[in-house]
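First comes the structure, then the notes that go with it.
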Amino acid sequence: MWKLIFKNLLSRRRRLAWLLAEIVIVTIVIWVFIDPIVVNGYIDSVPLGYDREKLCVVKTMRLHDEERVDRAAAEADMRNLLARIGNLPEVESCTLIDWSYPDATGSSANGFKKDSVWITVQMMPLISGWNYLTTYGIDAVAGSPSAEELQNLTPTRGNIVVTRTVADLYFPGINPVGHYMNEDEEDFSPEDAFRVVGVIEDVRPRSTFDSALLAYNFYEFNPELSYSIVIRLKDEAGMSRFLHDFNERIDGMQSGVYTCKEIVSYDTIGKEFAYSQGVTNQLRLKTLLSVFFFANLLLGVSGVFYLQTRKRSEEAGVMRSFGATPRRIRLMLLGEGWILTTVGCLVGCLIYLQYAVKEGLARANNVAAYDAYDPSWVNNLPLHFTAVSLVVYVLLVIVVSLGISIPAWRISSVNPSDALRHE
């Protein structure tokens with residue numbers, strides 16, 4: 001049958017040339033829209049490093065009180081407020097965060113050298129003694145002090161906790177605990193360096209990127225800062241019900257100079273961050289354009305193949321009169337479409353590859369210098385290009401198969417004499 005398929009394609013090559021060109025153009029256009037959608041789908045599949053489905057955030061407000069401006073009194077007020085929240089029957093634990101935390105709009109970073117390349121690592125504060133890691137559900141790796149021990153360490157200048165990704169990048173094959181960042185550099189000085197005191201499992205500081213380049217430095221409670229409270233609910237507690245009940249009693253949630261003013265789920269914070277970074281609008285636009293284009297593709301390409309197949313009813317009648325089964329005819333017509341689609345998609349992908357090599361593909365992290373060290377397939381050009389090309393190819397095969405199957409079923413099922421008489 002394959003011999004007959006290739007013979008048919010060769011005999012109709014002039015009429016199929018424009019159809020092949022259309023598939024090439026369609027392949028290139030699909031690539032433009034599908035690439036970021038596939039990459040964002042991959043990013044969404046990467047674990048955040050903490051379970052935010054059970055997390056919510058209470059924003060607090062510090063009241064002005066001249067008699068309670070010292071750190072000890074303000075800290076006592078905040079601890080009392082956390083104790084009140086922690087005693088609620090739905091709450092498992094709670095902790096403090098300030099201006100920088102996973103998916104916060106505020107951030108700070110430090111550059112650390114790797115093979116003469118400076119790679120940016122995001123830095124977040126870990127307020128010592130407030131159950132930060134256990135509330136977020138962040139675990140320590142083997143060979144490191146436990147999460148409970150790390151979150152209660154006395155704040156010391158230069159001490160940091162890094163993620164597994166940072167540890168593997170800068171200290172491959174060794175336990176980094178006790179080592180200094182960039183300690184192999186010629187101008188290294190311990191007084192000005194960051195010392196690793198612990199390693200935690202990967203945490204993504206930004207849910208819009210897959211990078212886990214993150215380090216925590218330790219801080220003490222500071223009454224001059226604005227704090228929020230992260231709450232972890234028990235497994236049996238419902239988020240929507242808890243938010244509703246908490247809002248009902250939020251006016252009474254006050255301790256000294258601190259009062260609660262708003263509560264939101266952590267999912268809401270993640271969505272607000274993605275929206276503020278323009279990721280949500282960009283993805284929506286790409287998705288809507290993809291749906292629109294795919295609908296036109298379905299109508300356009302499928303319609304062309306539909307008409308082309310309908311015109312071959314006489315050929316199908318002749319084949320039926322020589323004993324060909326309807327199934328064989330349908331497979332022959334589908335085989336021709338699949339081969340044409342394969343050739344057109346291959347040419348279109350190779351053309352797009354010239355742009356991809358020069359301009360790059362959709363990225364999964366916001367640290368360009370890290371691309372060369374990122375083990376994910378997104379920053380591996382051959383794997384990335386192959387994966388998205390396969391998605392494009394599957395979409396085209398589905399569309400072409402739909403365009404061929406309906407008329408192929410009809411013309412292969414009619415009586416041979418009727419088909420010949422109709423022609």
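The values are calculated or read from the model by the stated rules, or taken from the named source; none is laboratory data. Please read these numbers as outputs of a predicted model, since none were measured by experiment. Here the Cβ positions follow ideal geometry from the backbone for every residue, glycine too, while neighbour counts run over all protein chains shown. Quick note on the areas: whole protein, heavy atoms, side chains included, nothing else; ligands and nucleic acids left out. Shrake-Rupley method; radii C 1.70, N 1.55, O 1.52, S 1.80 Å.
Worth a mention:
- Residue count, region 34-53 (criterion: touching a Pro at 6+ places or on another chain (Cβ under 9 Å), outside any helix (DSSP H, G or I) and either open to solvent by 30 Å² or more (accessible area, probe 1.4 Å) or farther than 20 Å from VAL264 by Cβ (or both)): 2
- Residue tally, condition out of contact with any Leu (no Cβ under 8 Å at 6 or more places or on another chain) and modelled with pLDDT of 85 or more, over region 191-201: 6
- Identity of the residue in region 248-272, assigned to a helix (DSSP H, G or I) and over 30 Å from ASP70 (Cα atoms), that ends up modelled with the highest pLDDT: TYR266
- Any hit, region 112-130, residues being hydroxyl-bearing (Ser, Thr, Tyr) and either open to solvent by 60 Å² or more (accessible area, probe 1.4 Å) or under 25 Å from ASP210 (Cβ atoms) (or both): yes
- SER146 free of Cβ contacts under 8 Å to residues at least 12 places away in the same chain, among the hydroxyl-bearing types (Ser, Thr, Tyr) and more than 30 Å from ASP44 (Cα to Cα): no
- Residues (part of a helix (DSSP H, G or I), at pLDDT 85 or above and not small (Gly, Ala, Ser)) located in region 62-114: GLU75, ASP77, MET78, ARG79, ASN80, LEU81, LEU82, ARG84, ILE85
- Within region 174-200, being aliphatic (A, V, I, L, M) and open to solvent by less than 30 Å² (accessible area, probe 1.4 Å) holds for MET181, ALA193, VAL196, VAL197, VAL199, ILE200.
- The set of residues in region 242-254 that are under 34 Å from the mean Cα position of the chain (by Cα) and open to solvent by 40 Å² or more (accessible area, probe 1.4 Å) comprises HIS244, ASN247.
- One residue from VAL257, VAL203 being among the hydrophobic types (A, V, I, L, M, F, W, C), touching a residue at least 24 places away in the same chain (Cβ under 8 Å), in contact with a Gly (Cβ under 6 Å, 6 or more places away or on another chain) and crowded, with 17+ Cβ neighbours inside 10 Å: VAL203
- Candidates THR156, THR163: the one that is of a type in the set (S, T, N, Q) and more than 27 Å from the chain's Cα centre (by Cα) is THR156.
- Looking only at region 340-384, and only at residues there that are among the aromatic types (Phe, Trp, Tyr) and open to solvent by 30 Å² or more (accessible area, probe 1.4 Å), the one that is nearest to TRP31 (Cα to Cα): TYR355
- Residue selected from region 390-423 under the condition surrounded by 21 or more Cβ atoms within 10 Å (Cβ to Cβ) and either among the hydroxyl-bearing types (Ser, Thr, Tyr) or within 20 Å of the chain's Cα centre (by Cα) (or both), by the criterion modelled with the lowest pLDDT: SER412
- Matching option when the condition is more than 21 Å from THR134 (Cα to Cα) and β-branched (Val, Ile, Thr), among ILE263, ILE229, ILE250, ILE269: ILE250
- Evaluated against (1) open to solvent by 20 Å² or more (accessible area, probe 1.4 Å); (2) in contact (Cβ under 8 Å) with a residue 40 or more places away in the chain; (3) within 18 Å of LEU82 (Cβ to Cβ); (4) of a type outside the set (Val, Ile, Thr), MET239 falls short on exactly one condition, (3).
- Residue within region 195-217 that is of a type outside the set (D, E, K, R) and under 24 Å from ARG79 (Cα atoms) present: yes
- Options THR208, THR135; residue that is under 29 Å from the mean Cα position of the chain (by Cα) and within 20 Å of ALA364 (Cα to Cα): THR208
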